[in-house]
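Participant: Have a look at this one.
The values are calculated or read from the model by the stated rules, or taken from the named source; none is laboratory data. Note that the structure is predicted; figures quoted are calculated from it, not measured. Cβ atoms come from the backbone with ideal geometry, glycine included; neighbour counts cover every protein chain shown. Just so you know, the surface numbers come from the protein's heavy atoms only, side chains and all, with ligands and any DNA or RNA stripped out. Shrake-Rupley method; radii C 1.70, N 1.55, O 1.52, S 1.80 Å.
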Amino acid sequence: LTSLLPSSPSYRGLTLVLTFLSYASYHLSRKPISIVKSQLHPNCSALGPNPHNDSNSTTWCSWAPFDGDNYKELFGALDNAFLVAYAIGMFISGIFGERLPLRYYLSGGMVLSGLFTALFGLGYFWNIHVLWYFIVVQVCNGLVQTTGWPAVVACIGNWFGKGKRGLIMGIWNSHTSVGNILGSLIAGAWVSSAWGLSFVVPGIIITVVGIICFFFLVEYPEDVDCNPPLHHVMTTSEKDPEAVISNEGPLSLSGQSSVGHSKSPKEPAEEPEAISFLGALRIPGVVEFSLCLLFAKLVSYTFLYWLPLYIVNVAHFGAKEAGDLSTLFDVGGILGGIFAGLISDYTGGRATTCCVMLVVAAPMLFLYNHVGQNGIGISVAMLIICGALVNGPYALITTAVSADLGTHESLKGNAKALSTVTAIIDGTGSIGAALGPLLAGLISPTGWNNVFYMLIAADVLACLLLARVVVKEARGWCGPMARQRGY
């Protein structure tokens, strides 16, 4: 069917839709565990008397091995089994992603993700009650899910130039929140009747989407005789390697440059080699943005895993109401990602945009903890604002910034770094994603105030790590202004 599409814009639209659906399905398949936890260890006393006369246990309705007093630790083990495997696997995934066809790599990873997601749910139908089964499935799922992010970002980077990349990727990145919301709704449909289906159905969905991508996804514009995009705009200051970096200075909104097209990408040339891990680390900005994302993702994933419980404990909502209310954080994340992309495109300052949002996020987190539960209206507004400020920088770094750095001018047109750079940045961020919920679980018994102090400190550290890149961006702006004034 792709051969029937008439033009490059049609292929770009197809790439956007397919990669959006792909990563939304990845997140859709990750979400059920947070919904099903309440069913694995519910409040049995609310269901009436114990029908098992041979036992006086108050956990008769729980699913072993999660029926003991240590069920919170076991749930934490499930979360960290996935997140740690994901963080470790991400550093390896990008290397494979540069050396294998992206379409095969992405589709294969999605089919395997569907398999392991379904296997978790089949534990219900097979009546499995041993912890190691669920831990092994989570570890395997965490490893194969690392195929998704480097592949979809590389595909988008191959088709879209730098000019409007922030806005396009800000809108496109809403797949994360869309997947979380759909995953919550789909898992919630069966959680009370047969929780195994809460995993099996998302597993089937991601498998089907993976098969669709295998047949219809186009990896490179050159594969269908389309012109590749311009990844950076040549300027006079580009001769000085210290004058500009990947995300510095005003961006071309048209994505066109006569100088940039002086070397036709279709000219016969030797196929460039994939970049090494150390070579990717030497790209200016990769280390700074990777470490920044570690702390930004720490904050985001702490909210993802602990926000419903916080709302239940502090605002005293029911579990369902708390879950519904927590989706507003994802709604704010969609708005924040779009806003961050739009502003960074207009100003040319990816790092500055992230830094400003992180600075504002710190006091907003403090306010949400102290006044966010004083009324449903305040709670809704604060959740949306905090979601926008927390997830905006996270979304910008994992999308537009990763694509910018993976097509950095120092690579001299070699686009074989996209997957590796994306994997390094998101892999480092995934370490924070694993640490955040773990630290929240350790700190929360001492009080929720201390959890929020930890999140605020992480936001400040994320901001400080970008200081050098922000200074370079500021110098990039000040240089043209000084020349205009005759200095």
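Participant: Under a point spin-label approximation (7 Å from Cα along Cα-to-Cβ), what is the ARG282-ASP69 distance to one decimal in nm?
Facilitator: Placing both labels 7 Å along Cα→Cβ, they lie 5.8 nm apart.
Participant: Another question about this same structure. Using the beta-carbon distance between VAL136 and CYS478 and R0 = 41 Å, what value does 1/(1 + (r/R0)^6) give for FRET efficiency, to the nearest 0.05?
Facilitator: Step by step, r from the Cβ atoms, then E = 0.15.
Participant: On the Cα set of region 297-363, report Rg and Dmax in Å, please.
Facilitator: Expressed in Å, the Cα Rg and Dmax of region 297-363 come to 14.7, 45.
Participant: R0 = 35 Å: FRET efficiency of TYR453 with GLU321, Cβ-based, nearest 0.05?
Facilitator: So the FRET efficiency works out to roughly 0.85.
Participant: Extending each Cα 7 Å along its Cβ direction at ASN127 and PHE366, get the distance between those two points in nm, one decimal.
Facilitator: My value for the distance between the label points is 5.7 nm.
Participant: Also, I was wondering about something else. Any idea how far apart VAL380 and LEU185 come out in nm if each label point goes 7 Å out from Cα toward Cβ?
Facilitator: 1.8 nm
Participant: Let me check I've understood the local charge: for LYS72, count other residues with C-beta under 15 angstrom from its C-beta, Lys and Arg +1, Asp and Glu -1. What total comes out?
Facilitator: Counting the neighbours of LYS72, the net charge comes to -3.
Participant: How much length is gained if the chain between PHE214 and ALA194 is pulled fully straight, taking 0.36 nm per residue apart and subtracting their Cα-Cα distance, in nm to one decimal?
Facilitator: This chain segment gains 4.0 nm when fully extended.
Participant: Leaving ligands, DNA and RNA out of it, report the carbon-plus-sulfur percent of the accessible area of region 313-353 at a 1.4 Å probe.
Facilitator: 70 percent
Participant: What FRET efficiency comes out for the pair LEU100/VAL224, r = Cβ-Cβ distance, R0 = 25 Å, nearest 0.05?
Facilitator: 0.80
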